[in-house]
Structure formats: C-alpha cells, structure tokens
Amino acid sequence: MSVASVEISAKAGSKSVLVGLLAAAIFINYVDRGNIATAAPLLKGEFALSNEQLGILISAFFWVYAPAQLLAAWLVQRMNAYRVLALGLTLWSLATILSGFANGFAMMLGLRVLLGLGESAGFPASAKLLAEHLPPHRLGFANALLSAGINFGPSVGTFLGGMLMAGAGWRPLFLVFGAMSLLWLPGWFLGTREYAAEAARGEPAPAPPSQNCCPGRSCGVRPSAISPAITRSISSCPGYRSIWSGRMDTLWWKWPGWAVSSMLWPRQAAFSGARWPIA
C-alpha cells in the first residue's frame, strides 16, 4: 500500500470519527434537555409548583435555545467551531449537574436558561463542520446519524431517567446524566485535535470535492477571512446564508410549537388526571 493511500485512509477514518462524535453530541443534547420533563412530576411535588410554574420551567429552555442559535451561528463563523461546540457542551452539562442541586423554582429557571444557551451551539457547529469536511455524497448518511441522535436521545433519556428516578429520586437523574455528558469531551479533543489545531492556526479546512465556493473566493477560506462584517459575509456567500436560514427555521417553526406545547402540558395532565406511574 502506497503512502498516499495510507494518508487517504487515515483522513477518511478521522472524518468518520468526527461524524460519530457530532452524532453523539446531538444525542447527549437531546437527552439532557428532556430531563426536566422526566423529573417534572416529582419536581412539582417537592417544590410545590403550580401548573403555570412547571410550564414555565419546561418552556424556559426554548425561550433561549432557538434565538441563541443565531448567536451560535455567528460564533462558529467567526471562531473555532470545535471550541464553540466543546464550550457549549461543557456549559449545558454543568447546567444539568447543577440542576440536581436546585433548591427552588428560581434556581431551576436560571439553570434551564443556561442549558438552552449551551445547547444552542450543537446544530450550528455540527452543520459547519460537516460542510467543511465531507463531500456532498456523504452528507446524507452523516445527517441521518445526527437525526438518529435527535430521536434516540429523548427515548433513551426518558427510559433510563425513569428507571433512575424510581430508585433514587429526581436529583441523581440530573447529576448522573450531566456527569456522563462531560465524558464526551476527552473523545472530542482527541478525535479532532488535528482539525482543531489547523483551525486555531487559521488554516482553511480542505475543501470536499464538488463543494460550492463563494463567488470570487476559493473554497476552504474561513468565514472570518471572507468579510469583516457579518452582514457582508451573509450576502457574499450562499453557503453561509443557508446556515442562517436553517437557524431561522428553528426560530419561527420549532420554537413556538415547543414553547406552547410545553406550557400546555401541565394543564393537559391536570385536566386528564394523569399521574406519574411510579409510586
């Protein structure tokens, strides 16, 4: 086997690791955001929350999460996307852990807002890194893995969280899940250290084949080098406009639906007489 073929194989392997780590981050993202819904029945009793207060706690995450994705999109364009994602995961993991020490409504509300701020980095950073490192024919499978994390995260989190709550209460749910989320960080730093070092030095990522370049620009140029002003960077490159349009999709479609359904859930549960099945 030639040296060139070995290098190609190594690069392909590192890209597979990158995709796997991004899918794991999205999975963790959706596990941690759903903890409050799993813990809600026990949390409501311990803090003597009204239905309105519980609805606010559940929906507070989305008040910040969707708008903050616009800020996250700007950060991953202007900064190192590897660090932005690691910083976001650290922030939301710490918010999850601290939720296990919450002493009332106000503290839990603040931590839910902090959780939404941290988790907002997930999709903008993932979208940028996938576009930088994968050719178009591999993006379908990569995005399918991230979508699997979106769907498996809540189901696994609810199942395991319910089992944990049945034996230990709601506080260990946040402590254990938050601590386990932090275990992703060593794998991220080891698996992406070469890519992250190149980004830190300002070296453009190697352009995937058939990548569409900005008009008048060469592929692989960092967004910060394209335009000093964010409005110019959006208008000068269709690829960057697609990132922002994706974030606007979340803002105007998902956010109102999530917020309204989260605030209505306690009323629906009270109206139907639904109760937590674990004694």
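The values are calculated or read from the model by the stated rules, or taken from the named source; none is laboratory data. Please read these numbers as outputs of a predicted model, since none were measured by experiment. Cβ coordinates were reconstructed from backbone atoms using ideal geometry, including for glycine residues, and neighbour counts include every protein chain displayed. Calculation scope for accessible area: heavy atoms of the full protein, side chains included, ligands and nucleic acids excluded. Shrake-Rupley method; radii C 1.70, N 1.55, O 1.52, S 1.80 Å.
Here is a check on your reading of the model: is PRO204 modelled with pLDDT of 90 or more and open to solvent by 30 Å² or more (accessible area, probe 1.4 Å)? No; evaluated as a whole, the condition is false for this residue.
Kindly indicate whether SER147 is modelled with pLDDT of 95 or more, in contact with a helix residue (DSSP H, G or I) (Cβ under 9 Å, 6 or more places away or on another chain), polar (S, T, N, Q) and not in a loop (DSSP other than H, G, I, E, B).
The answer is no for SER147.
Just one of (1) under 13 Å from the mean Cα position of the chain (by Cα); (2) surrounded by fewer than 17 Cβ atoms within 10 Å (Cβ to Cβ); (3) not aromatic (Phe, Trp, Tyr) trips up ALA66, so point out which. Result: ALA66 passes all but (2). Taking the numbered list (1) assigned to a helix (DSSP H, G or I); (2) within 19 Å of LEU182 (Cβ to Cβ) in turn, VAL76 passes all entries but (2).
Among the residues in region 154-164, are any of a type in the set (Ser, Thr, Tyr) and over 20 Å from GLY100 (Cα atoms)? Checked against the condition, which is being of a type in the set (Ser, Thr, Tyr) and over 20 Å from GLY100 (Cα atoms), region 154-164 yields at least one hit. When every residue of region 98-105 is checked against the conditions, at least one turns out to be among the aromatic types (Phe, Trp, Tyr) and over 22 Å from TRP188 (Cα atoms).
Quick grid of which residues meet (1) closer than 18 Å to ASP32 by Cα; (2) in contact with a strand residue (DSSP E or B) (Cβ under 7 Å, 6 or more places away or on another chain); (3) open to solvent by less than 50 Å² (accessible area, probe 1.4 Å):
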| residue | (1), (2), (3) |
| --- | --- |
| LEU87 | yes, no, no |
| GLY100 | yes, no, yes |
| GLY104 | no, no, yes |
| MET108 | yes, no, yes |
| LYS128 | no, no, yes |
| GLU132 | no, no, yes |
| PRO136 | no, no, no |
| SER147 | yes, no, no |
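Within region 51-60, none of the residues are farther than 29 Å from ALA168 by Cα, crowded, with 19+ Cβ neighbours inside 10 Å and of a type in the set (Ser, Thr, Tyr).
The lone criterion from (1) small (Gly, Ala, Ser); (2) open to solvent by 70 Å² or more (accessible area, probe 1.4 Å); (3) under 19 Å from the mean Cα position of the chain (by Cα) left unmet by GLY167 is number (3). Of all residues in region 174-200, exactly one satisfies the criterion of being of a type in the set (A, V, I, L, M), open to solvent by less than 30 Å² (accessible area, probe 1.4 Å) and at pLDDT 95 or above, namely LEU185.
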